[in-house]
Structures are given as structure tokens and as C-alpha cells.
Amino acid sequence: MGVAGSFPGFAGRPPGPVLDRDEADRALARLGAEHEAIETSLLALQDHAGRRLLEGAELTGVTKDRWAATEQSITLLWGYFDAYAGALTEARAVRAHRRYPNRDDLLALTELLRGQGVTVANTGAAHAPSVTGPAVLSERFSLEELVARMNELYARALDMVVASDSVWSALPARIDLLAAELRRTASLAHSVGVRPGEHPAGDDLESITQELTTLRVQVISDPLAFWLPGPGSAAPGGGRPDTTRYDRAARALEDVRREIEAVLAVRQDAEQRLVQLRDILSRADRTLAEARSARGEVLAKIAASEVPAVSGPPTALQERLAAASDYRRRAQWHRLSPLLEALEREAEAELLRARESLTSVTAPLAVRAELRGRLDAYKAKVARHGLAEDPLLIERYDAARRMLWSAPCDLRVAEQAVLRFQQAASELLAPQRSSAPEDRRGGQGRV
């Protein structure tokens with residue numbers, strides 16, 4: 001506890017010019033206002049919720065070390081304040097001695113208000129001896145120096161208290177809310193068979209639970225380990241709580257929650273999806289059967305053509321579809337969900353493969369149909385121009401038709417026959433096209 005120091009005598013050398021009455025009164029008023037402000041701040045620090053929590057908490061780590069130092073600072077603050085108050089009381093008593101103070105009074109006031117007349121006991125001296133000699137048992141300050149020292153100690157103490165309180169106000173409540181959401185998600189997961197050791201999401205839920213439990217204990221016992229000071233901020237409590245681990249756990253829980261929702265969706269529409277899968281695989285089987293039938297027809301009707309082989313139905317997909325149905329009957333939704341997604345992709349690919357197989361097998365029949373259509377189109381064209389009875393065209397048409405309508409059909413030979421018919425028709429039609437303008441001109445001349 002600090003006390004005001006005694007004075008060497010009012011006739012001693014004053015620290016600077018002697019104050020007059022008005023200057024002394026103004027200095028007393030300013031120091032009195034500072035006294036009230038400091039007292040208000042110290043009482044507010046004493047009643048701060050963060051300080052009370054720090055006093056009652058079982059602290060660890062950096063918070064434990066800093067709180068021990070802060071408690072010493074707060075004790076020293078009150079000692080400084082008592083010394084400041086004592087010196088101010090003594091100065092007020094000197095000023096109140098006379099309405100118009102004499103020179104001795106003003107010398108005393110000058111020494112009290114400006115000199116280093118406040119002696120404060122060094123409470124840490126017994127525990128911190130100097131390497132150069134015995135520890136200093138007391139310190140002397142002027143009132144202004146004492147105010148500056150108190151402001152410095154108060155700022156450091158308040159910074160530590162506010163930072164701890166900010167972390168405690170922010171993180172534990174958020175962790176508790178996330179833990180409640182975790183419990184709801186875990187309950188849903190259990191209802192659809194997602195459990196640790198049986199499904200990756202179950203393992204993730206167990207890991208998140210352990211992380212939140214550990215995080216909450218660490219935040220409560222060592223809040224300053226989760227505090228990020230603000231860059232360049234000198235104000236007490238400048239900074240923000242470090243939520244990195246909390247945010248990571250929240251993102252992991254959100255990923256698990258989406259996966260559980262997907263599993264729940266499977267439970268709701270599993271039967272419809274299984275029906276659709278059976279329909280897709282049935283269409284693929286029918287398409288492959290049609291391709292096999294078409295391949296037999298092509299081999300019988302088309303000669304000298306390479307026809308690809310047609311594979312059988314995918315038995316592996318049918319077996320996995322049966323397994324999916326079994327999972328549904330047993331309500332093993334966590335196993336059904338990934339299996340259904342894979343089956344849907346593979347079933348669509350199987351249907352596409354079957355259609356491509358049918359297209360590939362029937363390609364020769366499509367070529368033959370195109371050649372037949374081209375032959376008939378040219379026959380109709382020459383008939384419109386009155387050349388249907390031309391012996392060369394009849395001969396070449398009959399040759400191409402026999403090749404296209406006989407089995408097996410050699411497509412390469414048939415195509416050459418169609419081209420010969422087209423060539424003959426084009427040669428016969430060319431003179432008619434070239435003479436048509438002359439006929440028109442002649443007709444106009446006769447008119």
C-alpha cells in the first residue's frame with residue numbers, strides 16, 4: 001500500500017517555478033477530476049465480468065501466466081491509487097489552511113503537486129532481487145508520473161481481461177450450439193444406419209464430437225490461446241477471437257449433414273429409383289436382344305460385310321441391383337445410397353452401349369435401304385421425263401434391283417450397279433435439258 005511521502009520543509013527548493021494561488025487551484029481541480037476518473041475505472045475493472053470469471057476459473061497455459069501478472073498489476077494499481085489519493089488529500093489540506101495562501105503554503109503546494117513527493121512501496125521487491133544489488137523497496141513519483149504509471153498498468157490489465165472475456169463470450173456459446181446441431185445430426189445418422197466403424201460419415205461425426213469437446217475445455221481454461229490481437233491496435237481488447245478450429249469443425253459437420261440428408265433422401269425415394277433402374281436395364285436387355293436378332297438378319301441378307309458381335313446382358317449389374325433391393329428391405333440406407341448412385345450411372349451407360357450396338361449392327365441394312373431409295377428415286381425421275389421405256393435404263397435398273405432385293409446382298413456390288421443406273425439416267429437427261437431453251441425460243445418465234 002503506498003503512502004504520500006513527507007516533505008523536506010516548505011522552505012526547500014521547489015521543483016520549478018512556485019505556483020500562484022490560481023495555478024494551484026487549477027492543478028488541484030484537474031488532479032481531483034483525474035482521481036475521480038481513475039477511481040471509476042478501477043471500480044469498473046473490479047466489477048468486470050471477465051475479471052470475476054478469471055478469478056473463478058481453473059486457468060492453464062498463457063492465460064494462467066498472464067492472469068498471475070495481471071493480478072499483481074491490479075494490486076499495485078490500488079496501491080498507487082491510495083498513494084495518489086493520500087497526496088491529493090494532503091495538498092487539499094494545505095490549500096484549505098488559508099483562503100489566501102502565503103509563500104510557505106505555495107511552496108508546499110508546488111512540492112506536492114509537481115515534485116516527486118509520493119512514495120510507493122514496491123510490492124514485488126521481496127520476490128525480484130536485482131542482480132546488481134538489493135531490490136528497491138520503494139519508488140518515488142510525482143502525481144503526473146503516478147497517473148501515467150497507473151494508466152499503463154490499467155491498460156495492460158484491461159486488455160487481458162477484455163480479451164479473455166471476448167473469447168469466453170464468443171466461442172463457448174457457438175461451440176455449444178454446434179454441439180447441439182452435432183447431436184441432432186448424429187441422431188439422424190443413427191436412424192439410417194450411419195455409425196462409427198460402418199460408414200465414413202459416422203467416423204467423421206465421432207471425430208467432430210471429440211474435437212468440440214477438447215476445444216471447449218481449452219477455450220474455457222486458456223482463452224488467450226484463442227485470441228488474435230488486432231494489427232497496430234493500442235486500445236485495450238483490440239483484436240478478435242480465433243475461430244479457426246471452430247470453423248473447421250463447422251464445415252466438417254456441414255459436409256456430414258449433407259451426406260446424411262442424401263441418405264435420408266434415398267430412404268424416401270429408394271423404391272422409385274429401384275423401379276427406374278429395373279426399367280433402364282430392361283430396355284438395355286431388349287435393345288441388346290433386338291441387336292442380336294438384327295445381326296442374324298444382317299448375316300443372312302448382307303454378304304461381304306463385317307458385323308460386330310453383340311454381348312449378352314450385364315449379369316453383374318443385375319446382381320448389384322438385387323443387392324440394392326436387399327439393402328432396402330433391411331433398411332441399410334447408408335449402404336444403399338452410394339450403390340444406387342453408382343448403379344444409376346452404370347445403367348445409363350449400359351443402355352447407351354446397347355443402343356450403339358444396335359446402330360452398329362443394323363448399319364448394313366441402313367445402307368441397303370438408302371441404296372433402294374436412291375434407285376427408286378432415279379426411276380421416278382426418268383419416268384417423269386418419258387424415258388421409262390429406254391432399254392439401257394431398263395437393263396441397268398433390273399440389274400441393280402436384283403442385287404438389292406436378293407439375299408445375301410453384296411452392298412459394294414449393289415452400290416456400283418446403282419451408280420451405273422444413275423450415270424445412264426444422267427446422260428439421257430442431259431440432251432433434254434440442253435434442248436429445252438431452244439424449244440422455248442422456237443415456240444416464241446411461232447407466236
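A few notes on this one:
- Mean separation of Cα pairs under 8 Å and 6 or more residues apart, divided by the residue count, gives the stretch 381-430 a relative contact order of 42 percent.
- A 1.4 Å probe, protein heavy atoms only, puts the accessible area of T214 near 60 Å².
- Packing order of peptides 293-300, 384-391, highest average first: 293-300, 384-391 (average count of other Cβ atoms within 10 Å over each peptide's residues).
- Averaged over residues, the count of other Cβ atoms within 10 Å places the peptides 358-364, 424-430 in the sequence 358-364, 424-430, highest first.
- Residues in the stretch 190-197 carry Karplus couplings, in order, of 5, 5, 10, x, 8, 10, x, x Hz; the curve used is 6.51 cos²θ - 1.76 cosθ + 1.60 with θ = phi - 60°, and Gly or Pro positions show x.
- For the peptides 158-166, 319-327, the ranking by mean Cβ contacts within 10 Å, running from highest to lowest, is 158-166, 319-327.
- Residues whose placed amide H lies under 5 Å from that of W227, excluding near-sequence neighbours: D242
- The stretch 54-67 - phi-based ³J(HN,Hα) in whole Hz, Karplus 6.51/-1.76/1.60, Gly and Pro as x: 5, 5, x, 8, 8, 8, 9, x, 5, 5, 4, 5, 5, 5
- The length gained on full extension between V62 and R140, counted as 0.36 nm times the residue separation minus their Cα-Cα distance, comes to 24.9 nm.
- Taking amide H as placed 1.01 Å from N in the peptide plane, the amide H of G239 sits under 5 Å from that of G230, each at least 5 places away or on another chain.
- Backbone HN-Hα couplings from phi across the stretch 331-345 [Karplus 6.51/-1.76/1.60, Hz, Gly and Pro as x]: 6, 8, 5, 5, 8, 5, 4, x, 5, 5, 4, 5, 5, 5, 5
- Residues whose amide H lies under 5 Å from that of A303, counting only those 5 or more places away or on a different chain, are C409, D410, L411; hydrogens are built 1.01 Å from N in the peptide plane.
- Accessible area, probe 1.4 Å, largest first, for residues H199, H48: H48, H199
The values are calculated or read from the model by the stated rules, or taken from the named source; none is laboratory data. Keep in mind that this is a model prediction, so the values were computed, not measured. Counting neighbours? That spans all protein chains shown, and the Cβs are built from the backbone with ideal geometry, glycine included. The protein model used for the area step is the full one, side chains on, heavy atoms only, and it has no ligands, DNA or RNA in it. Shrake-Rupley method; radii C 1.70, N 1.55, O 1.52, S 1.80 Å.
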